[in-house]
Amino acid sequence: MPPHYELAVLAHDHTVYRGKVTSLVAPAWEGYLGVLAHHAPMLAELVTGELSVVDERGARSSFAVSGGYLEVGWNRVMALVEAAESVEEIDVERAHGAEERAQRRLRSRESNVDVARAQVALRRALNRVRVAEKRRR
Amino acid sequence: MISTRDIKSKIRTVRNIEQICRAMKTVASIRLRRAEERLRRARPYRQGMAALVVRAARATQGHPFLQERPGARTAMLVVTSDRGLCGGYNANAVRRALATGTPEETVVAAVGRRGEMQLAHRGYEIVERVVPIGGEPEAAAISRLADRLGERYERGELGRLVMVYSRFLGGARSEVQAQMVLPVAPKEEAPEELIFEPPAREMLPRLMRRYLRAEVLGAVLEASASEHAARMAAMTAATDNAEEMIRSLTLEYNKARQAGITRELSELVGAAEATA
């Protein structure tokens with residue numbers, strides 16, 4: 001068996017994933033970041049993107065996450081994420097709907113549109129769609 | 001002697017009260033189940049965040065949340081319910097708040113109407129409030145409260161932040177806590193080498209905000225479950241008491257009725273004998 005470590009992925013309102021994994025790839029501040037067993041202690045900030053893990057049996061799981069932190073200890077890793085959905089949970093139609101709404105808000109020139117919030121919403125929606133479509137094919 | 005009609009109306013009153021208590025008990029038990037589930041799902045994140053922040057604090061010193069400010073006032077976040085009928089739940093939290101800091105050196109951030117009212121009455125300045133807290137506290141409103149407290153702390157208005165709330169222990173049990181949230185107390189261990197990405201200076205402000213949100217929301221969820229548990233226990237006791245009261249009143253009613261019948265009989269018999 002390849003070297004593995006304990007991983008917990010926690011969202012503020014539920015536990016997303018818990019188990020032994022051999023590797024993970026997370027959307028870090030400066031691009032995607034891979035973590036294998038025995039990685040040096042690290043604290044990384046995560047952005048909106050795809051978090052994928054390979055468990056000790058070689059099975060891959062994928063989550064659309066939006067922002068958070070990755071804490072790497074010697075053989076224990078914890079990801080605290082704002083929101084996370086596994087590929088199976090993502091409702092692509094809803095994500096497309098959210099994408100359209102955000103686009104519309106950004107296009108409208110009304111002064112009451114919160115541009116920053118609309119951009120965040122758009123980024124999250126696009127991320128969900130991308131993660132879902134990539135893994136389903 | 002009290003008349004049978006009076007007793008009857010008394011029984012009716014008590015029965016009405018019993019029904020109200022029973023309804024409140026049912027509502028509290030449903031809310032408790034939901035609050036407990038929400039709390040169970042939220043706890044790991046809060047614990048993880050606290051551990052992560054302590055670890056970050058040990059490796060760096062560069063944020064106001066990590067430094068104590070002697071001289072500035074302490075803020076107390078006090079979580080209570082909006083309404084009573086929940087046993088000693090609010091009284092316990094308020095008592096703990098009074099013991100935690102005086103009105104001269106402490107300001108209050110109130111979540112829940114009871115605590116706000118009672119602490120304002122005792123002369124505390126209420127600087128922030130989320131009132132009413134409601135049956136199911138809204139995460140967005142609580143996060144905004146956490147952000148505002150964080151801003152006050154960063155501006156140097158506050159020296160410490162202490163949360164006074166009831167931690168839920170399961171069943172009907174809870175325990176009032178006064179927990180210091182700011183400044184973050186690093187453990188007394190040698191600083192460890194920790195890679196920060198992005199650099200700590202850049203990461204800490206955002207991390208500290210998330211930490212504060214997780215702590216405040218976590219405390220409110222603990223308190224909310226405790227509140228529903230306390231209300232359920234109080235209403236169970238009230239329902240039982242009402243039942244007991246109805247039982248003894250019914251007994252009294254029957255006795256009074258029997259006494260009336262006996263009296264009428266003896267009057268009849270007396271009258272019959274007199275005319276015989």
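Which value, in debye to the nearest 20, describes the size of the charge dipole of region B:36-233 about its Cα centre when Lys and Arg Cβ atoms bear +1, Asp and Glu Cβ atoms bear -1, and nothing else is charged?
380
Figure the gain on full extension for A:V92 and A:R109 (residue separation times 0.36 nm, minus the Cα-Cα span) and round it to one decimal in nm.
The span from A:V92 to A:R109 would gain 3.4 nm if fully extended.
Please give the helix A:115-136 orientation as an angle from the longest Cα principal axis of chain A, in degrees from 0 to 90, rounded to the nearest 10.
So the inclination is approximately 50 degrees.
GNM on chain B, C-alpha springs below 10 Å: top fluctuator among B:V184, B:V127, B:V176?
Fluctuation is largest for B:V127.
What lysines sit close enough to B:K255 to cross-link, taking a C-alpha to C-alpha distance under 29 Å and skipping anything fewer than 8 places away on the same chain?
Counting by Cα, and skipping residues close in sequence, B:K255 has these lysines nearby: B:K8, B:K10.
Note down the Stokes-Einstein diffusion coefficient of region A:71-137 in µm²/s, whole number, using a Kirkwood radius over alpha carbon pairs, 4 °C, and 1.567 mPa s.
Stokes-Einstein gives a translational diffusion coefficient of 95 µm²/s.
Just checking the output field for A:20-29: average partner chain Cβ neighbours within 10 Å of each residue's Cβ?
Per-residue shielding by partner chains comes out at 1.
Let me check the size of region A:5-87 from its C-alpha atoms; what are the radius of gyration and Dmax in Å?
11.2, 29
Roughly how many debye, to the nearest 20, is the charge dipole of chain A about its Cα centre, given +1 on each Lys and Arg Cβ, -1 on each Asp and Glu Cβ, and no other charges?
For chain A, the charge dipole is close to 420 debye.
I'd like the mean, over residues of B:197-206, of how many other protein chain beta carbons sit within 10 Å of each residue's own Cβ.
Rounded to a whole number, the mean comes out at 3.
Can you sort B:F65, A:F63 from fewest to most other Cβ atoms within 10 Å of each residue's own Cβ?
So the ranking, lowest neighbour count to highest, is B:F65, A:F63.
Which residue, chosen from B:L145, B:A57, B:Y165, occupies the Cα position most advanced towards the positive end of the dipole of region B:36-233, where the dipole is computed from +1 (Lys, Arg) and -1 (Asp, Glu) charges on Cβ about the Cα centre?
B:Y165
Could you give the Stokes-Einstein D for region B:130-209 in µm² per second, using the C-alpha Kirkwood radius, 25 °C, 0.890 mPa s?
The Stokes-Einstein estimate is 156 µm²/s.
Taking 22 Å as R0, compute the FRET efficiency from the Cβ-Cβ separation of B:A139 and B:L85 and round it to 0.05.
0.30
Just need log10 I(q)/I(0) for the protein assembly as shown at q = 0.06, 0.12 Å⁻¹, Debye formula, equal scatterers on the alpha-carbon atoms, no solvent, rounded to two decimals.
Each listed q maps to, in turn, -0.37, -1.07.
For the protein assembly as shown, what is the charge dipole size about the Cα centre, in debye to the nearest 20, if Lys and Arg each add +1 at the Cβ and Asp and Glu each add -1 at the Cβ?
Value, rounded to 20: 760 debye.
Determine by what factor the alpha-carbon radius of gyration of region B:71-110 differs from 2.2 N^0.38 Å, reporting the quotient.
Dividing the Cα Rg of region B:71-110 by 2.2 N^0.38 Å gives 1.27.
At R0 = 45 Å, how high is the FRET efficiency between B:A274 and B:R22 if r is their beta carbon distance? Nearest 0.05 is fine.
Once rounded, the FRET efficiency stands at 0.25.
Quote the convex hull volume per residue of chain B, based on C-alpha atoms, as a whole number of Å³.
Hull volume over Cα atoms, normalised by residue count, gives 143 Å³.
Indicate, rounded to the nearest 5 percent, the antiparallel portion of the DSSP beta bridges found entirely in the protein assembly as shown.
65
How far apart, in nm, are two points set 7 Å out from the Cα along the Cα-to-Cβ line at B:L265 and at B:E68?
The answer from the label model is 8.2 nm.
Report ³J(HN,Hα) in whole Hz for each residue of region B:90-95, in order, from the Karplus equation J = 6.51 cos²θ - 1.76 cosθ + 1.60 where θ = phi - 60°; Gly and Pro get x.
Each residue's phi maps through the Karplus curve to give 6, 4, 5, 5, 5, 4 Hz.
Just to verify a number: FRET efficiency for B:A51 and B:E252, C-beta to C-beta distance, R0 = 45 Å, to 0.05?
That pair, B:A51 with B:E252, gives E of 0.15.
Sort B:E157, B:E244 by Cβ crowding within 10 Å, fewest neighbours at the top.
Starting with the residue having the fewest Cβ neighbours, the order is B:E244, B:E157.
Please tell me the relative contact order of region B:36-233 in percent, rounded to the nearest whole number, where contacts are Cα pairs under 8 Å and at least six residues apart.
Once normalised by length, the contact order is 33 percent.
Bear in mind these aren't lab numbers, they're just calculated from the coordinates by the rules spelled out. Since this is a predicted model, take the numbers as computed values, not measurements. Glycine also receives a Cβ, built like all others from the backbone with ideal geometry; neighbour counts cover every protein chain displayed.
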